[in-house]
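Accompanying notes for the structure given below.
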Amino acid sequence: MAQQYHFDTNKITAGYHASENQLAVSPPIYQTTAYDFKSAKHAENLFAYEEAGYLYSRVGNPTVTYFAERVKALDGGKNVLAVGSGMAAITYTLLNLTNGKGTILASPYLYGGSIDSFDRLFPDLGIQIKLTKSILDPEALEAEITEDVKAIFVESISNPNAYLVDLDKISEVAHRHHIPVVVDNTVATPYLYQPFAHGADIVVYSATKGLTGHGNIIAGIIEDNGKTEYYTKQAYPQFYTPIHMLKGKSIAEQFPDNPFISRILLVYLNFLGAALSPHDAYLGILGIETLSERVAKQSANALKIAEYLEKSPAVEWVRYPGLKSYPFKELADKILIHGFGGLLSFGITGTKEQKAAFLDHLELFHYHVNLGDVRSLIVNSPDTTHSELTEKEKEIADIPANLIRISAGLEDADDLIQDLEQGFRAAGLI
Ligand SMILES: Cc1ncc(COP(=O)(O)O)c(C=O)c1O
């Protein structure tokens, strides 16, 4: 049996064996579109998924596999697939669970692009995604689980306002009704939070963010815990449809241990085609090698910044899981295992013009929409990443107009604080 290693060992070793790659220490970039068939029989077997192997890089590439397997080892997942973006990971996952009908119960505390897709993409495909505040009250949530609910969708730490959810309780409720729980673990990363250990069935990432952490790729990950009991013929018939390519077998017959990810590969990655490039997968692997070190420093920097902001007259409120004033502090202390992360938000005082002047005068912080980068980033989320939300959605999601989001990087915290201070001064707020 393979040796079980700890997190920090897995992040630089899991899923890749130099002995299978000319002894190359760093995983090679398999920059190829396709793979030669050894024979006509080999081609037939690959196309029918009767033999493992690579045939075309839209649906499989060794470097992409190494990347995906590494993330899986960090989360303790069972099956995994890397795709071309976080949005592809979320969309493919929800399409796979619904297949043109049904409802997903979702947290309102989510990335704006997710909420936007729930309004503007899914209803046209016959899928309702219902945002519910009951996500914070699992008993009330249970009352909302009707026959047509196919899954529950949450972010473990929400973007932009760092809400937490009690996943253990949500999962208990969902599992009583035989539906899976999907967790977007982008902000937390596997270093801070392990969703499978708290009952998640499916985990998705925008691997663009802190997971890989250098602000140089767009990537997504979908993992599951290998449980198949939810996927009954009655509730999820899509797994039981005979497929010609599989010689008339269904996904459930051909992949009894992995129907969920296999169907995403065969249907959505294959036909919608958001494939991750091998070069980006390689950059992702490099990024993961320093995940713990990066997130630990980001957490330390974010805490110092949050403490500074809490005392500033230019600031109305601060939300950061490391602060005593944080509304979910007890939960944060219980579930966040190595710190409180790099993401924090605050409410700036003053007028709209002063907010703009503050942002315009920052010198060290990058003003843009990414997060989890080695560089510190700042953004006015209600006017940018969450600008597509209606006023009602912003109210439900608790995103006030004066919210500013910070993603702390790896610079010296004192320099970052000095930058914020001079920005507030230039805006006439202090
Ligand atoms: C929490 C969260 N999930 C998903 C996404 C979408 O990821 P991507 O930009 O890689 O498509 C983002 C992007 O900001 C995000 O913050």
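The values are calculated or read from the model by the stated rules, or taken from the named source; none is laboratory data. Remember, predicted model here, so these are calculated numbers, not experimental data. Counting neighbours? That spans all protein chains shown, and the Cβs are built from the backbone with ideal geometry, glycine included. Ligands, DNA and RNA are stripped out before the accessible areas are found, and what is left, the full protein with its side chains, is counted by its heavy atoms. Shrake-Rupley method; radii C 1.70, N 1.55, O 1.52, S 1.80 Å.
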Can you give the accessible area per residue of region 7-287, in Å², using a 1.4 Å probe? 39 Å²
Taking R0 as 30 Å, what FRET efficiency do you get between residue 119 and residue 334 from their Cβ-Cβ distance, rounded to the nearest 0.05? 0.35
Give the cross-link partners of residue 41 among the aspartates and glutamates, using a straight C-alpha distance below 19 Å as the criterion and excluding same-chain residues fewer than 8 apart. 50, 51
Using only DSSP helix segments of four residues or longer, with each worth -39500 (n - 2.57), what per-residue ellipticity at 222 nm results for the chain after dividing by its residue count and rounding to 500? -10000 deg cm²/dmol
Over the Cα atoms of region 273-367, compute the convex hull volume and normalise it per residue, giving Å³. 174 Å³
Determine the equivalent ellipsoid of region 40-158 by diagonalising the alpha-carbon gyration tensor, then write out the semi-axes as square roots of 5 times the eigenvalues, largest first, rounded to whole Å. 33, 17, 14
Amide N proximity, region 51-82 versus residue 249 label position 7 Å along Cα-to-Cβ, cut-off under 15 Å: 51-53
Show me the ranking of peptides 206-213, 13-20, 64-71 by mean Cβ neighbours inside 10 Å, starting with the highest. 206-213, 64-71, 13-20
Segments 221-232, 182-193, 127-138 sorted - mean Cβ within 10 Å per residue, highest first: 182-193, 221-232, 127-138
Compute the label zone of residue 101 within region 211-248: residues whose backbone N is under 19 Å from the point 7 Å along Cα-to-Cβ. 231-242
At 0.36 nm per residue, and after removing the present C-alpha to C-alpha distance, how many nm does the segment from residue 31 to residue 6 gain when stretched out fully? 5.9 nm
Which pairs break 23 Å Cα to Cα here: 133/392; 169/297; 329/352? 169/297; 329/352
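What whole-number volume per residue, in cubic angstrom, does the convex hull of the C-alpha atoms of region 388-430 give?
It is 108 Å³ per residue.
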With the alpha-carbon atoms as the only input, what is the per residue convex hull volume for region 292-426 in Å³? 105 Å³
Using only Cα positions of region 215-339, each an equal point scatterer, no hydration layer, compute I(q)/I(0) via Debye at q = 0.10, 0.20 Å⁻¹ and quote the log10 values to two decimals. -0.61, -1.08
Over the Cα atoms, compute the radius of gyration (one decimal) and Dmax (the largest Cα-Cα distance, rounded to a whole number) for the chain, in Å. 22.1, 74
For region 90-221, Kirkwood radius (reciprocal of mean inverse C-alpha pair distance, Å): 14.8 Å
What percentage of the solvent-accessible surface of the chain, computed with a 1.4 Å probe over protein heavy atoms, is contributed by carbon and sulfur atoms? 53 percent
Of 173, 9, 27, farthest towards positive along the dipole that unit charges on Lys, Arg, Asp, Glu beta carbons give the chain: 27
Working from Cα positions, state the angle (0 to 90°, nearest 10) between the long axis of helix 278-288 and the longest principal axis of the chain. 50 degrees
Contour minus Cα-Cα distance for residue 58 and residue 324 (0.36 nm per residue): 91.0 nm
